[in-house]
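Let me begin by presenting the structure, written as structure tokens, before commenting on it.
Please treat every number below as a calculation from the coordinates, not as lab data. The model shown is predicted, which means the values in this text are computed figures rather than measured ones. Cβ placement follows ideal geometry from the backbone for every residue including glycine, while neighbour counts extend to all protein chains displayed.
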Amino acid sequence: MHPQVEPAETAQTSETAERSRLDALDKYRILDSEPEARFDDICRLAALVCAAPTAFIGFVAEHREWFKARSGWHIDEINRTDSICNDVIASNDIAITIIEDTLLDPRYCDKALVIGTPFIRFYAGAPIRTREAHAIGVLCVIDKVPRTLSAEQSAVLGMLARQIEALLELRRNIVELEAVIAERDDVQGLLLQAHGDIEATLAELRRSVEATYYLMHTKANATIDGIQLSQYFDTDFPGIFFIINAQGCLAGWNKRVEEVTGYSHDEVQHRRAIDFFDTDELKAVVQGKIETAFEEGSADFEANLMTRSGVKIPYYLASARVEIEGQPYLSGMGIDISATYRSEEAFELRNRAMQACQNAVIITDLNSRVEYVNPAFETMTGYANADILGRNCSVLQRDDTEQPELDNLRQAVRAQTEGSAVLRNYRKNGELFWNVVHIAPVRNHAGIVMHFVGVLNDVTEMKLYEGQLEHRANFDALTHLANRNLLRDRLRQAIIHAQRHKKIVTVGFVDLDNFKLINDRHGHHAGDEVLRTVADRLKACIRAQDTVARYGGDEFAFVLTEQAGEDNVAFLMQRLLRAIALPFMVGQQTMKVSCSIGISLYPRDGLDSDTLLRLADVAMYRAKESGRNTFQFYTSQVNQKVLDRITLETRLRHALENNEFQVEYEPLFNLKSGLIVGAESRLIWTPTDSKAVEPAEFLALAEQTGLIVPIGEWMIHRACLDNKALQKNGLRPIRVGVKIFDSQFNSAGLRKVIDHAITMSGMDARYLELDVTETLLMQNPDASITLLAELKECGLQLTADDVGKGYSSLAYLPRFGLDRLTIAASLVNDIGGDPEQARVARSVISLGHSLNLIVMAEGVRSAEQLAYLKANDCDEIKGELVGPALPFDQLSILLQQDQRVGMA
């Protein structure tokens, strides 16, 4: 049985743990410190590897989270209560915390940073831990859209967190070593002072013995009697005095002997000198020293005196041979050296601390000459103490002295402040290794800098791995071409060179024509082979000094330098088009692919990389509009629609966070009762700086760019909230329909989004209807059946939209689990004009009823269409004839009136 922990005890334990964590955080002196390049680099690398727009390194203090480094994030600190990282800290788990969608997690869905700027939807955080295993901070990446990390990205995020821990340990080690070295210097001073005090005391004692010896010889009637002899010893002296006869017994002593040993006068009188030492071995040593003094005239040594109570006291003992009344004696003295022993032990402890330090430690004078290195330094560099003492520490860089970060250390030495750098150093055998080096001045009690201490951490393996990561971050894994990050960097460099030498830079954007068909018909494996082949052909056509990159998906780009003019570029483009259009084999199949190329020129078309890439993209779209498999230079007369599309996409990306979307509802009427039975939601976009944009203009663009996923999620939540609001106002419940687009339907999180929308709104799921086009359902019927079955588990209703547009779905319709069919508007529009199309519409109604489905007709504009649909038993209608789409408040008024559609 485990003992039950009382709540108060648990709270006390938690409070103690938190106090220990905060104390550990203080030891690193990291809070509110200045920006440091190493932390900034790690932050940017985390964002790059995880393909996240935002990354930061945050440390959780008592009441706040403070950000040491950040990328795509402009906040210095936040309240601890608003921090998602706080939960990572509280769990004290070593694993990475991944929240794929914060809105679906009840712990975070109401947090200010989730429902407001920066709209965190995805979060991944790797804890930063101390040597005592306290979690003090988090390396975090976030995104505005739900997503996850691959196993490799998670591993890299964890590795980067360990690198931060190593940097923090360097910071903490340097603080601790400063204290150790300062204490060591203090102890050295104390030792010198203690030795000086001993020498002074011994000199005084010798003078006292000489005075006593002289006094004894002037007393003619003096006898060797312990009591009589002891009167000549001055008891005010701190040391002990004694006279030893030839038999090794004490013939005289001062009072201090009795005070120190704890023996009475009579007890001392009957003891030999060696009786004041405990072991036989030590007694033999003392006896030997006595004999030496008698034979050679003097002797001295250090030993522990044993008191009556068993306490051992370290003493320095010295004796000299004297004659009293013609008989040999030893006149001796001793001084307590306990303080000296303690100082030496402290000194040894400080040295051991540096000796045992796992990081390499080096101490230099103000001229960078080495005064001390610890064993870890010897192991790391191959230089033993004897090899490097007195030499300048720049021996580690050999001839590699032009490293930019060396200036950080040189400046720190000149300013007598702390400094850090990442350096290439060289072991004694010439082998290169990488170091993170941190130096700090060591001051004496007067505040004067006496030394510099340096701590070195071998990061060679980490640097090599970082190089691999940077390669992955700069090169495409599939084609091994440069990626868009490296392309932009190369383009910036090319512009700088061209500006200096008045040259031309050519930027090209390449998009494969109808590449999606290859993936759809032959699979992604074939698509990957095509991309690799295209990459090889592009490289073969472009010079080594130029750059060709995979920009993303089936898009490529290139940067050409020092071209003579448009004619040369045009000739090269023809060559590229021919090379890519050549047939090639994928497995056993022969394939062909073409491409469209857009070109912009520096400085004619633009002066910066973003402008040149954008205009090349514009020109590429013009090439596609011109019939594909061609190239197009950017000109001022380029199709305005392309420019409008780019502007529209930019504005669309900010529409959600700017609250520019609204929802209108088109009422659905039952043909028999004439009552409103539902409403289909319509998305309205009104940018803050212009008039409303038609859905036909922006929905297709949102679908192409993937923005339809977060927009669609918002629309589902809005529709559910509005419908529940109608019911709360006491109105008759109706269903609300939401159109599902291709990207939404194929996303893994659709079920979670719907569950969350229903839960958050409190609406009964049966009043939510999802409209999915017949075309979309038939792209992959088996997968559609599985997904629709999952969605039906939520309790909602399903409608197959636009039925009758040409897809043969008769075999699958019964298996989709539908509730309704919608007759395509194009069929309804032809009623009264095209008898053949009218018969198709009637067939759809008959098909729906045969499957026990409700059939709805959309786009009803005329009384003739209404009459035809009613005559053929269509169940529901919507369209201009019966009512337009309405804002939420007007729909509410319409429902209050319970308006019926005319049946005449």
Exercise. For Thr401 paired with Gln896, estimate the spin-label separation in nm (one decimal), with each label point 7 Å from Cα along the Cα-to-Cβ line.
Key: 8.8 nm
Self-check item: Correct choice for Cα extents along the principal axes in Å that was computed from the model, options [x] 158, 76, 52; [y] 101, 63, 57; [z] 126, 72, 63
Solution: [x]
Quiz item: Which aspartates and glutamates have a Cα less than 14 Å from the Cα of Lys870, not counting those fewer than 8 places away in the same chain?
Solution: Glu858
Practice problem: Step through the residues of the stretch 278-283 one at a time and calculate ³J(HN,Hα) from phi using the Karplus curve (6.51 cos²θ - 1.76 cosθ + 1.60, θ = phi - 60°), rounding each to whole Hz and writing x for Gly and Pro. | Solution: 8, 8, 4, 4, 5, 4
Quiz item: Among residues other than Lys539 whose Cβ falls under 14 Å from its Cβ, what is the net charge (Lys/Arg +1, Asp/Glu -1)?
Solution: +2
Exercise. Treating cross-link reach as a plain straight distance, find the lysines whose alpha-carbon is under 27 Å from the alpha-carbon of Lys539, omitting any fewer than eight places away in the same chain.
Key: Lys502, Lys503, Lys516, Lys592, Lys624
Exercise. Report the net charge of residues surrounding Ile98, where surrounding means a beta-carbon distance below 15 angstrom and charges are Lys +1, Arg +1, Asp -1, Glu -1.
Key: -3
Quiz item: For the stretch 651-897, what class follows from the C-alpha gyration tensor (a ≥ b ≥ c being the square roots of its eigenvalues): rounded when a/c is under 1.5, otherwise prolate if a/b is larger than b/c, else oblate?
Solution: rounded
Exercise. Taking the Cβ of each residue in Trp685, Trp714 as the centre, tally the other Cβ atoms inside 10 Å and list the residues starting with the fewest.
Key: Trp714, Trp685
Quiz prompt | Approximate spin-label separation Gln574-Leu517, in nm, with each point projected 7 Å along Cα-to-Cβ | solution = 2.7 nm
Practice problem: Would you mind ranking Arg64, Arg628 by Cβ crowding within 10 Å, fewest neighbours first? | Solution: Arg628, Arg64
Practice problem: Grab the DSSP H runs of the chain that are 4 residues or longer, score each as -39,500 (n - 2.57), total them, divide by all residues and round the 222 nm result to the nearest 500 deg cm²/dmol. | Solution: -14000 deg cm²/dmol
Self-check item: Contour minus Cα-Cα distance for Glu34 and Cys109 (0.36 nm per residue)
Solution: 23.7 nm
Quiz prompt | Phi-based couplings in Hz for the stretch 591-608 (Karplus 6.51, -1.76, 1.60; Gly and Pro marked x) | solution = 10, 9, 9, 10, 8, 10, 10, x, 10, 10, 10, 9, x, 4, 9, x, 10, 9
Practice problem: Just the number, please: percent antiparallel of the DSSP beta bridges in the chain, rounded to the nearest 5. | Solution: 85 percent
Exercise. Report ³J(HN,Hα) in whole Hz for each residue of the stretch 615-628, in order, from the Karplus equation J = 6.51 cos²θ - 1.76 cosθ + 1.60 where θ = phi - 60°; Gly and Pro get x.
Key: 6, 5, 5, 4, 5, 5, 5, 5, 5, 5, 5, 7, x, 6
Quiz item: Is there a pair in Lys728/Lys878; Lys144/Lys691; Lys283/Lys312; Lys255/Lys283; Lys68/Lys111 whose C-alpha atoms are over 18 Å apart, and which pairs would that be?
Solution: Lys728/Lys878; Lys144/Lys691; Lys255/Lys283; Lys68/Lys111
Self-check item: Percentage relative contact order, the chain, counting C-alpha pairs under 8 Å, at least six apart
Solution: 6 percent
Practice problem: Assuming a ≥ b ≥ c are the square roots of the Cα gyration tensor eigenvalues, decide whether the stretch 21-149 counts as rounded (a/c under 1.5), prolate (otherwise, with a/b larger than b/c) or oblate. | Solution: prolate
Quiz item: Contour minus end-to-end for His480 and Gln269, with contour as 0.36 nm per residue of separation and end-to-end as the Cα-Cα distance?
Solution: 66.3 nm
Practice problem: Treating cross-link reach as a plain straight distance, find the aspartates and glutamates whose alpha-carbon is under 12 Å from the alpha-carbon of Lys672, omitting any fewer than eight places away in the same chain. | Solution: Asp873, Asp875, Glu876
Quiz item: In terms of the Cα gyration tensor, with a ≥ b ≥ c the square roots of its eigenvalues, is the stretch 819-894 rounded because a/c is under 1.5, prolate because a/b exceeds b/c, or oblate?
Solution: oblate
